[in-house]
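The structure appears below as C-alpha cells.
The values are calculated or read from the model by the stated rules, or taken from the named source; none is laboratory data. In this text, all values refer to a predicted model and were calculated from it rather than measured experimentally. Here the Cβ is made from the backbone with ideal geometry for all residues, glycine too, and neighbour counts use every protein chain on show.
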Amino acid sequence: MLEYLDADGNRATINLPPTGQPSATVFNLTPHPIRLYASVREDGIDDLEPHLRNVIPPQPAPARLTIRERQPLNGIEQVEYGHAVGLPPARDGHRYIVSLVVAFALTGQRTDLLVPYSEVRNATGTVIGCRALAQPALPNHQPPPTPEPPTATPNGCRFCGIAQRVHGRQYTPEQGWHAWTAPTDQQRLDRMRARHEHKTAPEHTDALCPWVSLISDLDRCEHGRHEGDPCGDSCGTTSKGNPHMQPGTVIGYSLRRGPIVMPHRDDKYVPAAWRSTNDRHRGAKQ
C-alpha cells in the first residue's frame with residue numbers, strides 16, 4: 001500500500017499487489033499530476049475517468065537535473081546534465097515519483113525513486129496517465145568497475161579519479177553512472193602524497209597527459225574550433241585558427257638558441273615540426 005497527499009492535503013492510499021515491502025508515503029516530484037489507471041484501461045480514449053484509480057498531485061517544486069550548455073558542435077547544441085536538485089534525501093517510508101531522466105541519472109544510487117510506467121494515451125497519442133509505478137533497475141550485465149588508480153591525478157573525479165578532460169560518463173559500483181565531480185581538498189592532498197610515494201612511474205598515455213591536451217588546443221580560433229574545422233562564427237565557413245600563433249610563428253627559443261615555431265595543424269604532434277630547420281641541424285652536429 002502506498003499513501004499520498006491529495007489535492008486537498010488529505011492522506012489517500014493506493015492499493016497495489018503485495019510486494020512484501022512495508023507501506024510508504026509517495027511524493028510526486030514531477031511537474032504534473034500523475035493519473036494512475038487500472039491495468040484494463042485501454043488507449044485511444046479521451047475521457048479521463050474510465051478505470052481511473054488515483055490522481056497524485058505534484059509537489060510545489062519538481063526534481064530536475066542541472067543543465068549546462070556547451071559550445072555547439074557541427075551546428076548541434078551540446079548540453080551537459082549534472083546532479084539532481086529539488087530531490088530530498090532518502091528517508092525510510094518515503095518514495096518519490098520523478099521524471100525518467102532524473103531516475104536514470106540516479107539508478108543504482110537510490111532505491112526510493114519511482115517513474116510512471118505503462119503509459120495511457122488518448123485518441124491523439126498524448127500521454128494522460130499510467131497503469132503502474134516502476135523502479136528503474138540497472139541492466140544485468142554491468143561494465144567492470146573503474147577503480148581509482150594509485151596515481152590518480154590530484155584533480156581527477158571525486159568518485160573514480162579520472163581527469164575531467166577525458167572523463168565523459170563513468171561507472172563505479174558505489175556511485176553508479178556519473179559525470180566528473182570535483183574532488184575534495186583532502187582527496188587532492190592524498191593523491192599528491194600517493195603519487196609521491198608510488199615507487200614505479202605511472203604508465204604514460206596521451207589520453208591522460210595534460211601537455212598533449214594543451215598542445216592540441218593551441219591552433220584553436222577564438223570560437224574554440226581547430227584550424228580548418230567548420231566555424232560558423234566570424235571566421236566564416238572554416239576556422240582560421242589561433243590568430244596569435246599562425247603556422248610558422250616563432251613562439252620561443254631552445255637551449256641551442258634555435259627558434260621554436262608553431263607547426264602546421266597536421267604536424268603538431270611531431271616534436272621535430274616545432275623546431276626550425278637550423279635548430280634541427282645544430283642539434284644533429286652536437
- Query: Among the numbered criteria (1) free of Cβ contacts under 8 Å to residues at least 60 places away in the same chain; (2) under 15 Å from the mean Cα position of the chain (by Cα), which single criterion is violated by Gly82?
  - Reply: (1)
- Message: Take Pro183 and tell me if it is touching a Lys or Arg at 6+ places or on another chain (Cβ under 6 Å), closer than 26 Å to Val102 by Cβ, part of a loop (DSSP other than H, G, I, E, B) and modelled with pLDDT of 85 or more.
- Response: yes
- Message: Residue pairs, Cβ under 8 Å, 6 or more apart or interchain, first in the range 120-139 and farther than 17 Å from Thr30 by Cβ, second among the hydroxyl-bearing types (Ser, Thr, Tyr) and outside any strand (DSSP E or B). List them.
- Response: Ala137/Thr107; Leu138/Thr107
- Query: With respect to the numbered conditions (1) at pLDDT 90 or above; (2) assigned to a loop (DSSP other than H, G, I, E, B); (3) of a type in the set (Gly, Ala, Ser), which one is the sole condition not fulfilled by Ala137?
  - Reply: (1)
- Would a scan of the range 74-82 turn up a residue that is outside the structural domain of His178 (by TED's automatic domain parsing), in contact with a strand residue (DSSP E or B) (Cβ under 6 Å, 6 or more places away or on another chain), at pLDDT 85 or above and under 30 Å from His223 (Cβ atoms)? yes
- Are any residues in the range 66-111 over 25 Å from Cys130 (Cβ atoms) and of a type in the set (Ser, Thr, Tyr), and if so, which ones? Thr66
- Note on the structure: Pairs returned, first residue in the range 228-249 that is in contact (Cβ under 8 Å) with a residue 60 or more places away in the chain, second residue that is assigned to a loop (DSSP other than H, G, I, E, B) and crowded, with 16+ Cβ neighbours inside 10 Å, beta-carbon separation under 8 angstrom, 6 or more apart or interchain, are Pro230/Ser239
- What is the one condition in (1) assigned to a loop (DSSP other than H, G, I, E, B); (2) over 30 Å from Leu138 (Cβ atoms); (3) at pLDDT 75 or above that Arg195 does not satisfy? (1)
- Can you find a residue in the range 32-51 that is hydroxyl-bearing (Ser, Thr, Tyr), surrounded by 14 or more Cβ atoms within 10 Å (Cβ to Cβ) and at pLDDT below 85? no
- Query: Hey, Pro243 hits all of (1) surrounded by 12 or more Cβ atoms within 10 Å (Cβ to Cβ); (2) at pLDDT 80 or above but one; which does it fall short on?
  - Reply: (1)
